[in-house]
Amino acid sequence: MEQIIIKIEHPVGLHARPATLFVDTIKKFKSSVRLRKNDREVNAKSILSVLSLGVKQSDEITIVADGDDATQVLSELKVLINGNFGEETVHDKPKTTPKPIATRDAFGKAILALGEQDERVVVLSGDLADSTRVLKFSERFPDRFFEMGISEQDLIGTSAGLALRGKIPFVATYAVFGVSRAFDQIRMSVCYTNANVKLAFTHAGLSVGEDGGSAMTLEDLALMCSLPHMTVVVPADAGETEAAVRAAATWEGPVYLRLGRSGVPVLDPPDENWVFGKARLYRKGSDITIAACGIMVSVALEAAEICEKQGISLEVINFHTLKPFDGAALVESARRTGRVITAEEHNIFGGLGSIAARVLGEQYPTPMRFIAVRDSFGESGKPEELMEKYGLTANDIVKAAGDLMKK
C-alpha cells in the first residue's frame, strides 16, 4: 500500500472536468485507490464519490493506492494534478478600477502620443473632432489634421490618397456614418488597393444609448470582416485600445478599430507586447468557454463570478481581433470545456458568433450558445437598460450557461 499527500490548485477543485480526468486516470490501473479529505475517505474510481468530498482549490488530499501498479497510478495522478489537469497558465487576472473609461477617450490619448512619435501620422475627421476625441490632436498638430466635414465618402477617399503617398492616416468618425455611408469607398479606395488606412470609428453598438437606433451600428463587424485585407479589432477596455492604436500604426494595411461612447471597466494597463490576432485568456475554467469581445469581456467576467457560486466553471477569453481570428485558441479551449458561448455587442449575424461557429464547425464541432442582438435595430435609452433589454448582461450569460450544462 502506498500513498501521496498533495494540494489541489485548480480553480474548481476536483469538480467537473478535473474530477473526470482524475477518475479516468485511476480506472486505467488495476489497483484499488481511495481518496481522503480530512476524516472522510471514498472510492476514487467512483465519480460520484469523488464529487461528494467537495474538494476545493487549495484543499490538501491524500490518495492511497493498493495493488501491483500502485506506484504507477500515484505517479500519473501526481503529474496530472501538478500539471493543473493539462491547462495552461492564465493571463494575469485583470484588476478593474472604480472609474470606467470609454475606449474613444483612450483612443484620443493614444493618437496624441502617437503623433508626437511619428510625423507620418495624420488624422482626418468627419466634423466630429470633439466627440471622437481627436480635438487635442488638431490643436497640437494643425498641419497634420484634416477636417473633411459631413462628407464621409470624401473622408475615406482622401485618407486612401494620403496613405498611398506614405502617410499613416487615422480616420475618426461615428461608426454608423463611416461604415454605412462610406462602405463603397472603404471597399474600393482602401481595401481594394490595400491602402494603409486606420479607421477609428467610435459610438459603435448599443452602448451609444440615448443617441437612438438610427445612430447605433450593429452590423459593422459583419461588413468589415467581409472585406479582403481588412484587420478588425474590438478593444475590451482603455488599456487595450491604447495598445491597439500603437499596433495599428505599425501594421501594414487597413485596420478597423471599433470604439465605444460609454465608459467600460479597465481590465488591464496598456500592454507593450499586445498583438493583433492573439486571443487573451483572462480566466481559466473547465465547463464552458466564453468567447467575448469589446464591452462583453467585462460582462463575461462578471458572469463567471456568478457561475462559480453555482458550481459552473467558465473560461473567459478575450477575442479582441475578429480578423485575423485566433481559431487555435478557441479550438484548444473548446477541447478542454466541451461547450462554447460567444458574447458580442453586435447583431447575431456576421460577427464573433458566426466566426467562432465556422471555426468550430470545421475543426471541432461543439455545443454553442450565442449572446448578441437578435437581428434587430436598437433604440434610445440608457446603455445599461438597453443591454438588459437586448439580452447582453451577465445574467443572460449565466442563463445560457445553465442551459448549455444540460446538454
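The values are calculated or read from the model by the stated rules, or taken from the named source; none is laboratory data. The model shown is predicted, which means the values in this text are computed figures rather than measured ones. As a convention, Cβ positions derive from the backbone with ideal geometry for all residues, glycine included, and neighbour counts pool all protein chains shown.
For this structure, a couple of remarks:
- Which listed residue is in a loop (DSSP other than H, G, I, E, B) and among the hydroxyl-bearing types (Ser, Thr, Tyr), from Thr366, Thr342: Thr366
- Scan of segment 298-315 for residues that are in contact (Cβ under 8 Å) with a residue 24 or more places away in the chain, among the small types (Gly, Ala, Ser) and at negative phi, ordered by number: Ser298, Ala300, Ala303, Ser313
- Among the residues listed as Ser180, Ser159, Ser131, the single one being among the small types (Gly, Ala, Ser), farther than 22 Å from Ala247 by Cβ and part of a helix (DSSP H, G or I): Ser180
- Residues within segment 3-20 that are assigned to a helix (DSSP H, G or I) and surrounded by fewer than 19 Cβ atoms within 10 Å (Cβ to Cβ), tallied: 1
- Of all residues in segment 85-104 being out of contact with any helix residue (DSSP H, G or I) (no Cβ under 7 Å at 6 or more places or on another chain) and modelled with pLDDT of 80 or more, the one that is farthest from Thr173 (Cα to Cα): Lys99
- Qualifying positions in segment 250-292 - of a type in the set (A, V, I, L, M) and either surrounded by fewer than 23 Cβ atoms within 10 Å (Cβ to Cβ) or in a loop (DSSP other than H, G, I, E, B) (or both): Leu259, Val266, Leu267, Val275, Ala279, Leu281
- Criterion (more than 27 Å from Val264 (Cα to Cα), part of a strand (DSSP E or B) and assigned by TED's automatic domain parsing to the domain that holds Leu112) met by exactly one of Phe146, Phe201, Phe170: Phe146
- Qualifying residue in segment 356-363 (condition: in a loop (DSSP other than H, G, I, E, B) and either farther than 13 Å from Gly205 by Cα or of a type in the set (S, T, N, Q) (or both)): no
- Number of the exception - Ala304 against (1) crowded, with 23+ Cβ neighbours inside 10 Å; (2) more than 14 Å from the chain's Cα centre (by Cα); (3) aliphatic (A, V, I, L, M): (2)
- Residue list for segment 214-237, restricted to those being charged (D, E, K, R) and assigned to a loop (DSSP other than H, G, I, E, B): Glu219, Asp237
- Residue identified as within 27 Å of Ala236 (Cβ to Cβ), among the polar types (S, T, N, Q) and modelled with pLDDT under 95 among Ser151, Ser131: Ser131
- Of all residues in segment 392-407, those that are over 13 Å from Leu301 (Cα atoms) have Cβ atoms under 8 Å from Cβ atoms of residues that are surrounded by fewer than 20 Cβ atoms within 10 Å (Cβ to Cβ) and polar (S, T, N, Q), 6 or more apart or on another chain, in Gly402/Gln310.
- Count of segment 176-211 residues which are within 16 Å of Val123 (Cα to Cα), within 25 Å of the chain's Cα centre (by Cα) and not charged (D, E, K, R): 6
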